[in-house]
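The values are calculated or read from the model by the stated rules, or taken from the named source; none is laboratory data. Just so you know, these numbers come straight off a predicted model, no measurement behind them. Cβ atoms come from the backbone with ideal geometry, glycine included; neighbour counts cover every protein chain shown. Accessible surface areas use protein heavy atoms only, side chains included; no ligands, DNA or RNA. Shrake-Rupley method; radii C 1.70, N 1.55, O 1.52, S 1.80 Å.
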Amino acid sequence: MAEEYARLQQEVMFLRHENATLRRVVQRLVRNESQLRERIVWLMNSHRYRIGSMVADATLPVRRFLNVGTRHASSANRLAGWFRRWLAATAARSRVEPAAGGTRLSSFVLPPLPAWDADTAPVAGVLRPETLTTLRYTLPVLALTPDGGVERLIAAQPRFVLVEEAFLQEDEAWHGALQALVASGSGPLQAVLTACRQAGIATLLWVSEPADGPEAGGLVVAGRAFSHVLVAEPTLLPGWQGCQGPDRVHLLLPAIQPQLHNPLRWPGLPQWDVGHEQRGPMADPAVFTSCLQPLPAALPERLTALRGCRVVWLAAARPDTAQTALEALGCGTPVVVGPAADPDPAGLLVSTLREGLASAAPPADVPDASADPFPLDYGSTLVGCRRQIQRLLDDGLLRERIAHRGWRLVHRQHTWKQRLAGLHATLGLAWEEAAAGRISIIACTHRPQNLETLLRQVAVQCWSDRELILVLHGDSFDLPAVRQQVAVHLPGLPTQILHRPRSETLGDCLNAGIRQSRGDFWAKMDDDDLYGPHYLADALLTLQISQADVVGKHSFFAYVQSTDTLYLRHPGHTHQEDRFVAGGTLLARRTAWERVKFVSRTGGGDTVWLRHCAEAGMKIVSGDCYNYILIRHADSRQHTWTISPQDFLASCDYVASGLDLSQAMV
């Protein structure tokens, strides 16, 4: 008996070792497949891509010759997909241009500007074209010119005039006007300041240079002619307040425009490993496996490159490091700053960003993710920068996870709307900002045993303005006990409890719940899936950024109980317009439901509703893949969605063994 027990122990240890080895191999294949999937987009504009596509299509029968069981179906699909992508990339590799010349960009198309009301007071400015464009998505902006600026100014009666020091230095005409103002108190800039003073309009000089800098003498003199001086970096405040007075100097940090700086992608978007500013000390591009792409200066091409790069690498000593870092994080791209020995090489804004990312700690019921690097991190040496960048390039799941944290922080705290709201308060001007809106959570359940889990998912949501419409489907609920559970788990949350007979379908229950809701938006939450604390807030942020009618998740995490494994289902479908999202992740405007109701059916009603929405011309966007885990039970009879295990795993990528919440709850 003892010998048999020892033999069995040895077999168990051997199997565990083999299992760990297979997992490492699968993870390596997943990383390679993810990188190849992203790089294949380079081929989309190639004339040779058709040849590569024909060769790749010839390999489709590979799957049929792989004699594997259900457990290994997803691995076989990944191997076959990897082989097809390798052949296509090999056939069209000569199309990719060298890094020195830069790769031709499929440029970002600027969305149309908002239609402002005629009574909306504008802001006048002497601004760089990039700043002017980004501001015009938040409020109307009148661009002043050296010739005829005063007449347009008087006619518009703006709230204030914002003059960007960097544009005064770059533009030849306005630079001459600045010199004339400093030398003799004359010229077109002086005329604008005089007209504003007579009309009671505040004038603001926005500077990014220190008051004691080598070229700041003229700016200090010019600053005295303005109502206020705004500095773009907290470290500049003491110097400028010392020469202009503490009451006249305020802080206006760089910011992003969500309509432009967002991670929404499109077919044909080029992909690179590392993007960097063309100026500043950069390492040898040969360090990386593909080209190191300079970030263009022109806005459409720059927005394209920020989305296409996996990592942005910035020099530490550049004055616009903070602005570029914000733009990259807003586009969902992690940033590495360095090499730098100084612990604060890029100013206090970068340090503030790091502190904000560090303080966004996971909730107590989510495993600590502090081992992840920051979405914005420093490299003290060139070797350190390379190591950080290579780690992000090698691990796609890690890169996307930390990039999502940076995206969330920047879009919640560092947008132009927030900057302008603070500036209006400083100047004593009124700033009207509409409320974000209430989210009505529609939760239909016919399983009393799942009610407590459902209420816990609703309770952890960090979005405060929400209500719950709980639809009890069937006669198996004890209504007083349900009310007691709601009072315990959701104290103070507006809740309506509806009861629908078992004869009605799930579509009927959803229609009844949305009809009773009072929110501007509604979100469907399933009773047997898991939702992270930022689920609702991130979904609403995606809807507002994309200006979509319906958002959800086409790529999402799925936990399969029968194998105790966490997968990523439908990878590569994040942050893009789509025609399908998972039913348990729907968040939509109420107007979308008013136009298209759910059909009276239990299975597949979500898919039918999405199809009808697309046919009605509504915009459907697939957001991020985080803060939602679909639970696939071992007993398939617990699901209304019937699918074989082989078909389910065919579109899944392995993530981790067990229910690893740190991978999905970000």
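Table for the structure above
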quantity	calculated
Accessible surface of residue 431 - all protein chains present, 1.4 Å probe, nearest 10 Å²	70
List 197, 401, ordered by accessible area with a 1.4 Å probe, largest first	197, 401
Approximate shape of the stretch 408-526 as ellipsoid semi-axes (Cα gyration tensor, √5λ), whole Å, largest first	37, 15, 12
Inter-site label distance for residue 118 and residue 600 at 7 Å from Cα along Cβ, in nm	4.9
Calculated FRET efficiency for the pair residue 154/residue 426, C-beta based, R₀ 35 Å, to 0.05	0.90
Largest to smallest principal axis extent of the C-alpha atoms in the stretch 493-607, angstrom	37, 36, 30
Distance (nanometres) between label positions extended 7 Å along Cα→Cβ at residue 221 and residue 456	7.0
Contact order normalised by residue count of the stretch 413-554, Cα under 8 Å, 6+ apart, percent	33
Accessible-area composition of the stretch 148-208, carbon plus sulfur, in percent [1.4 Å probe]	53
Full-stretch length increase - residue 495, residue 518 - with 0.36 nm per residue and alpha-carbon distance subtracted	7.2 nm
Carbon and sulfur %, accessible surface of the stretch 561-642 computed with the full protein complex present, 1.4 Å	45
Solvent-accessible area of residue 476 with every protein chain in place, 1.4 Å probe, in Å² to the nearest 10	70
List 235, 542, ordered by accessible area with a 1.4 Å probe, largest first	235, 542
DSSP-loop GluC sites (Glu not before Pro) across the stretch 136-217, with at most 10 other Cβ within 10 angstrom	215
Residues residue 616 and residue 573, FRET efficiency given R0 of 22 Å [Cβ-Cβ distance, rounded to 0.05]	0.50
Residue 535 accessible area, 1.4 Å probe, all protein chains in place, Å² to nearest 10	0
Inter-site label distance for residue 484 and residue 561 at 7 Å from Cα along Cβ, in nm	2.6
Long-range tail of P(r) for the stretch 557-634 (Cα pairs > 15 Å, %)	62
17 Å tail of the calculated P(r), the stretch 462-530, as % of Cα pairs	47
Sites matching GluC sites (Glu not before Pro) across the stretch 378-438 that sit in DSSP coil, with at most 13 neighbouring C-beta atoms within 10 Å	432, 433
Ratio of the Cα radius of gyration of the stretch 491-532 to 2.2 N^0.38 Å, where N counts its residues	1.30
Gap separating the Cα centres of the stretch 214-277 and the stretch 532-562, nearest whole Å	33
Exposure ranking of 580, 648 by accessible area [1.4 Å probe, largest first]	580, 648
